Amino acid sequence: MKTFDYRTATALDDGLEPGAVFLAGGTNLVDLMKLGVATPDMLVDVNRLPLGEVTETPDGGLRIGAAVRNSDLAADPRVRSAYPVLSQALLAGASGQLRNMATTGGNLLQRTRCPYFMDASKPCNKHAPGSGCPARDGDHRNLAILGGSQACIATHPSDMAVALAALGAVVHVDGPAGPRSIAVTDLHRLPGDTPERDTVLEHGELITAVELPALPFAARSAYRKARDRASYAFAVGSVAAALDVADGEVRDVRLAFGAVAPKPWRAFTAEQQLRGRPATKEEFLAAADAELAGAQPLRDNAYKISLLRNLTAAVLARLAEEVR
């Protein structure tokens with residue numbers, strides 16, 4: 001591992017030196033440093049900043065401090081009752097030990113597990129810009145079918161972020177230019193020609209909180225994850241959904257896909273198609289088809305289209321059944 005300096009941040013305006021990165025739970029960053037993929041000159045430990053609380057907002061939502069641990073957030077009774085999709089997504093990720101360390105802000109910023117990115121000896125436009133994307137002709141079974149580019153087809157690995165995208169969460173950040181807010185669906189970038197940048201954050205900007213809007217029908221929400229083994233595995237496809245049904249008709253819906261794109265994929269097209277339509281399996285499948293019409297699978301990952309289609313219909317049908 002490359003040598004580095006270390007210091008502890010004591011205030012939000014402590015700043016971040018060139019070549020430095022923030023350290024919270026470290027569950028992804030430290031692994032990447034051991035692999036030689038991440039080589040920061042300095043770690044700035046933010047664990048002592050006062051960002052570890054979940055509080056209720058005036059409009060009935062929740063504000064989640066960036067340092068809230070994944071296990072604590074999953075167990076919070078307010079999250080479990082009002083946003084079960086988020087609790088389920090958190091519990092579907094990693095192991096209990098990792099969830100005890102991982103933070104809300106760090107989970108959003110974890111990097112892809114594309115095998116070429118994780119191996120510093122291999123070409124990869126994400127860790128060595130301009131070196132190529134061997135995944136397109138190589139091992140891409142678990143890589144993107146939506147939103148990729150010729151330069152990169154990596155997928156975002158987070159379960160939590162998929163639930164936050166479905167819920168319409170807002171990310172609060174602070175940095176050299178002052179505080180600002182970003183819709184979680186706009187936090188992560190599609191790769192285009194510059195896949196080395198995962199997010200729209202500028203150097204020195206720190207996630208301070210994630211805000212969940214009041215969304216009464218999110219009490220009827222769920223997360224479903226398909227993976228190669230029953231536990232401690234990243235998704236090969238996932239769906240986060242919340243559904244509002246009255247008299248057999250979809251009044252409103254929130255839907256997001258995971259592990260199929262370089263960012264958590266909010267399924268706006270499917271949502272629009274479903275509003276006002278009968279809450280039936282046939283309509284759910286048709287909406288998934290509409291969202292996936294733009295998929296561009298490669299040789300070995302076309303299975304994700306039928307996987308997402310079936311997951312979407314199964315999750316929405318189960319939620320619809322709860323109101324009958």
Highest-fluctuation residue, Asp59, Asp174, Asp76 considered, GNM on the chain with Cα pairs under 10 Å: Asp59
Taking every pair of alpha-carbon atoms in the chain, what share in percent sits in each 10 Å bin, from 0 to the bin with the longest distance? 6, 27, 35, 24, 8, 1, 0
Expected 222 nm ellipticity per residue - DSSP helices of 4 or more, -39500 (n - 2.57), all of the chain, to 500: -7500 deg cm²/dmol
For Asp198, the net charge from surrounding residues (Cβ-Cβ under 11 Å; K, R +1; D, E -1) works out to +4
Run the Debye formula on the Cα coordinates of the range 167-324, all scatterers equal and no solvent, and tell me log10 I(q)/I(0) at q = 0.09, 0.10, 0.21 1/Å. -0.34, -0.42, -1.34
Among Ser121, Ser181, Ser81, residue whose mean-square fluctuation peaks in a GNM of the chain (springs only between Cα atoms under 10 Å): Ser121
What distance in nm separates the simple spin-label points at Met118 and Glu196, each placed 7 Å from Cα in the Cβ direction? 2.3 nm
Estimated dipole of the range 127-244 in Debye, rounded to 20 [Cβ of Lys and Arg +1, of Asp and Glu -1, Cα centre]: 480 debye
Computed lengthening from Leu285 to Glu53, 0.36 nm per intervening residue step minus Cα-Cα distance: 79.6 nm
Please list, in order, the residues from the range 105-135 whose amide nitrogen is less than 18 Å from a point placed 7 Å along the Cα→Cβ vector of Val30. 105-111
Out of all Cα-Cα pairs in the range 54-158, roughly what percent, to the nearest whole number, are more than 18 Å apart? 57 percent
Projecting each Cα onto the charge dipole of the range 1-107 (Lys/Arg +1, Asp/Glu -1 at the beta carbon, about the Cα centre), which of Gly96, Ala38, Asn28 comes out farthest on the positive side? Gly96
Cβ under 12 Å from Arg69's Cβ, Arg69 left aside: what net charge do those residues give with Lys, Arg +1 and Asp, Glu -1? -2
Quickly work out the Asp5-to-Asp300 label distance, labels modelled 7 Å from Cα along the C-beta direction, and quote it in nm with one decimal. 4.4 nm
Once you have the Cα-Cα distance between Leu98 and Arg189, take 0.36 nm times their residue separation minus that, and quote the gain in nm to one decimal. 30.2 nm
Just the number: Rg to Rh for the range 1-89, Cα atoms, Kirkwood Rh, two decimals. 1.08
Let's test the formula: R0 of 22 Å, r as the Cβ-Cβ distance of Ala314 and Asp228. What FRET efficiency results, to the nearest 0.05? 0.75
Per GNM of the chain with C-alpha springs under 10 angstrom, the most fluctuating residue out of Leu255, Leu274, Leu143 is Leu274
Kirkwood Rh over alpha-carbon pairs of the range 117-250 plugged into Stokes-Einstein at 25 °C, 0.890 mPa s gives a D in µm²/s of 142 µm²/s
Is there a pair in Lys281/Lys304; Lys34/Lys304; Lys126/Lys225 whose C-alpha atoms are over 29 Å apart, and which pairs would that be? Lys34/Lys304
Between Asp41 and Asp247, take the C-beta separation as r, use R0 = 56 Å, and let me know the FRET efficiency to the nearest 0.05. 0.40
Once Ala293 and Ala214 are pulled to full extension, the length gained, defined as 0.36 nm per residue separation minus their Cα-Cα distance, is 25.3 nm
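Throughout, read-outs are computed from the coordinates displayed, never taken from laboratory work. Remember, it's a predicted structure, so these values are computed and weren't measured experimentally. Note: ideal-geometry Cβ built from the backbone for every residue, glycine included; neighbour counts use all protein chains shown.
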